[in-house]
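Colleague: Quick one: the structure is below, questions incoming.
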Amino acid sequence: MIDDILKDAKSRMEKSLTTLKGELAKIRTGRAHPSILDHITVDYYGSEVPISQVANIAIEDARTLTVTPWEKTMVKAVEKAILTSDLGLNPAVSGTVMRLPMPPLTEERRRDLTRIVRKEGEGSKVAIRNIRRDVNSDIKAYLKEKEVSEDQARSGEDQIQKLTDSYSAKIDVMVEAKEKELLEM
């Protein structure tokens, strides 16, 4: 019973880690990476779809992305979606190919981004601690109903604490790596 609770907790903590990875990928560094366009949606015949479903996104060089819509009629819509996004990118359109040069980040903007990265990391740690709290309350409920012994409950609480500590350490590593990436010139 305790093992099932711990497996569930581990999968939920893994999801929190995956979510953090996705959020950190959206925070742009000076380098071009296709994932920074993941959250942009384009009006495609009346419905909003991710840009990756209407165009091919490729890396041209370290600071330039190319976006090639699959339909010529979508060039204007994709360009508009990129311009109105919060990324601050200015596409240069030539025919059906758009080039997105990544402007270098200022020192002040880098500091702001590191604060955002830390905030995201802290949010993930809170989620991990909430999972721990939920699992501990489940264990206490089982103990109260006499479905597990006190030793099993104590062992389960120790295991969930170890799991929480390991996932918090993984979050710290991810946040530190992203901060290092942001502060590189």
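No lab work stands behind these numbers, since they all come straight from the coordinates. As the structure is a prediction and not an experimental result, all values here were calculated from the model. So basically every Cβ, Gly included, is an ideal-geometry build from the backbone, and we count neighbours across all protein chains shown.
Colleague: Given a Förster distance of 45 angstrom, what is the FRET efficiency for LYS162 paired with TRP70, based on the Cβ-Cβ distance and rounded to 0.05? Before the final figure, lay out each step's value.
Modeller: Working: r = 49 Å, r/R0 = 1.09.
Using R0 = 45 Å, I get an efficiency of 0.40.
Colleague: While we're looking at this one, here's another question. For a Förster distance of 41 Å, can you work out the FRET efficiency between the beta-carbons of GLU48 and LYS140, rounded to the nearest 0.05? Each step should come with its number before you reach the end.
Modeller: Values: r = 45 Å, r/R0 = 1.09.
Step by step, r from the Cβ atoms, then E = 0.35.
Colleague: Still on this structure, I have one more. For the chain, with the dipole built from +1 on Lys and Arg beta-carbon atoms and -1 on Asp and Glu ones, taken about the Cα centre, which of ILE116, LEU183, VAL135 lies farthest toward the positive end?
Modeller: In the chain, that residue is LEU183.
Colleague: Cα axis of helix 107-144 to longest principal axis of the chain: angle in degrees, 0 to 90, nearest 10?
Modeller: With rounding to tens, the tilt is 30 degrees.
Colleague: Next up: With 24 Å as the limit, write out which pairs from LYS15/LYS170; LYS21/LYS76; LYS119/LYS178; LYS26/LYS162; LYS7/LYS180; LYS119/LYS140 have Cα-Cα distances beyond it, or answer none. If you can, show how the numbers build up before the last one.
Modeller: Working: LYS15/LYS170 13 Å; LYS21/LYS76 31 Å; LYS119/LYS178 12 Å; LYS26/LYS162 30 Å; LYS7/LYS180 33 Å; LYS119/LYS140 31 Å.
Cα-Cα > 24 Å for LYS21/LYS76; LYS26/LYS162; LYS7/LYS180; LYS119/LYS140; rest within.
Colleague: Per DSSP H run of n ≥ 4, the term is -39500 (n - 2.57); total these for the chain, divide by its residue number, and report the mean residue ellipticity at 222 nm rounded to 500 deg cm²/dmol.
Modeller: Values: 4 runs with 107 residues, N = 185.
Result for the chain: -20500 deg cm²/dmol, rounded to the nearest 500.
Colleague: While we're looking at this one, here's another question. Using the basic label-point model (7 angstrom from Cα toward the beta carbon), what is the LYS21 to LYS119 distance in nanometres?
Modeller: Spacing of the two 7 Å Cα→Cβ label points: 2.4 nm.
Colleague: Could you list SER124, SER11, SER168 so that the one with the fewest beta carbons within 10 Å of its beta carbon is first and the one with the most is last?
Modeller: Numbers: SER124 24, SER11 10, SER168 17.
Starting with the residue having the fewest Cβ neighbours, the order is SER11, SER168, SER124.
Colleague: Residue separation times 0.36 nm, minus the C-alpha to C-alpha distance between ASN90 and GLU150: what's the value?
Modeller: Numbers: separation 60, 0.36 × 60 = 21.60 nm, distance 6.21 nm.
That pair, ASN90 and GLU150, stretches by 15.4 nm at full extension.
Colleague: As I understand it, the dipole of the stretch 34-101 uses +1 on the Cβ of Lys and Arg and -1 on the Cβ of Asp and Glu, about the Cα centre. Which of MET74, SER47, SER94 lies farthest toward its positive end?
Modeller: SER94
Colleague: Kindly express, to the nearest 10 degrees and within the range 0 to 90, the angle between helix 75-84's C-alpha long axis and the longest C-alpha principal axis of the chain.
Modeller: 60
Colleague: So, one more: Calculated FRET efficiency, ASP8 and ARG31, Cβ-Cβ r, R0 41 Å, to nearest 0.05?
Modeller: Numbers: r = 37 Å, r/R0 = 0.91.
For R0 = 41 Å, the calculated efficiency reads 0.65.
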